[in-house]
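Enquirer: Below you'll find the structure I mean.
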Amino acid sequence: MTGDASRAPVVVMGVAAAGKSTVGQALAARLGVAFIDADDLHSDANRAKMSAGVPLDDDDRAPWLDAVGAVLAARGPADDEGDGPAASVVVACSALRRPYRDRLRAHAPATVFVQLDAAPEVLRSRAEARTGHFMPPELLDSQLATLEPLAADEPGCRVDVGAPVAEVVADAIAALDALDGIAELGRDPHGESAGPDRDALPVSG
Ligand SMILES: Nc1ncnc2c1ncn2[C@@H]1O[C@H](COP(=O)(O)OP(=O)(O)OP(=O)(O)O)[C@@H](O)[C@H]1O
Ligand SMILES: O=C(O)[C@H](O)[C@@H](O)[C@H](O)[C@H](O)CO
């Protein structure tokens, strides 16, 4: 499967158990680009802290976000020969706060975000149902308290994850395509709009 190097790097974001890994993986497969789980980039210390039921703080997350940002900046692996344009990438990363997302975009300015939204009771039941995960369900409250939803001036969209995975992925692709269309309009010197129409951005709601 060939990667679409023209696509912006995508961060699938949200709280624990929102479905970042599941949706991110399926989205990457549909787009034909690489998938990377930012959970795999956590330090042993961060992982141990979460496993012990202690939420990470800004200082814990800073070096991790820089590692995730470096992945986004590289836009995924080069081809088998190690050269040519890098393929784009989908990264599953909580990116809970606005400053975290700004930090990622400082590394890779083209990055767009897909926020996964779910009712707390859906999150709780999914967190409790899964086994063998380092993140205890008790940390869900702190994740929800920390979350700063994607704002209207951030590039991205929000999708509800109450539906089956295939539907969530289809919704995400439609929303990303809408963002692409808006960006194209902004680039078209003959278009009616000189920049993105903020009212049309599928980010709020
Ligand atoms: N749309 C969906 N419908 C039903 N179950 C789902 C859906 N998306 C994810 N799940 C299930 O919910 C659980 C959490 O999903 P997943 O591990 O992908 O979330 P996550 O956001 O990556 O979590 P974490 O960041 O804590 O690793 C998993 O058991 C997964 O199979
Ligand atoms: O920012 C954070 O607190 C972390 O990234 C967490 O969100 C977990 O890594 C992830 O959700 C796994 O459960």
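All of the numbers you see were taken from the coordinates with simple rules; none came from a lab. These numbers were taken from a predicted model, which means no experiment stands behind them. Backbone-built Cβ (ideal geometry, glycine too); neighbour counts: all protein chains shown.
Enquirer: How large is ³J(HN,Hα), in whole Hz, for each residue of segment 36-49 in order, when computed from phi with the Karplus curve 6.51 cos²θ - 1.76 cosθ + 1.60 and θ = phi - 60°, using x for Gly and Pro?
Expert: Along segment 36-49, the couplings run 9, 9, 5, 4, 6, 9, 5, 5, 4, 5, 4, 4, 5, 4 Hz.
Enquirer: Moving on to the next point. To make sure I understand, if each residue's beta carbon is the centre and we count other beta carbons within 10 Å, what order do His107, His42 fall in, fewest to most?
Expert: Going from least to most buried by this count: His107, His42.
Enquirer: From the Cα gyration tensor of segment 1-60, with a ≥ b ≥ c the square roots of its eigenvalues, which class applies: rounded if a/c is under 1.5, or else prolate if a/b is larger than b/c, or else oblate?
Expert: prolate
Enquirer: Same structure again: In whole Hz and in residue order, list the ³J(HN,Hα) couplings for segment 148-159 that follow from phi through the Karplus curve 6.51 cos²θ - 1.76 cosθ + 1.60, θ = phi - 60°; x for Gly and Pro.
Expert: For segment 148-159, the Karplus-derived couplings read 10, x, 3, 8, 5, 9, 9, x, x, 8, 10, 10 Hz, x marking Gly and Pro.
Enquirer: So which trypsin sites (Lys or Arg not before Pro) in segment 94-187 are both in a DSSP loop and have at most 13 other Cβ atoms within 10 Å of their Cβ?
Expert: Arg130
Enquirer: Which order results if Ser21, Ser125 are arranged by neighbouring Cβ count within 10 Å, fewest first?
Expert: So the ranking, lowest neighbour count to highest, is Ser125, Ser21.
Enquirer: Within 10 Å of each residue's Cβ, count the other Cβ atoms and sort Glu121, Glu148 from fewest upward.
Expert: Glu121, Glu148
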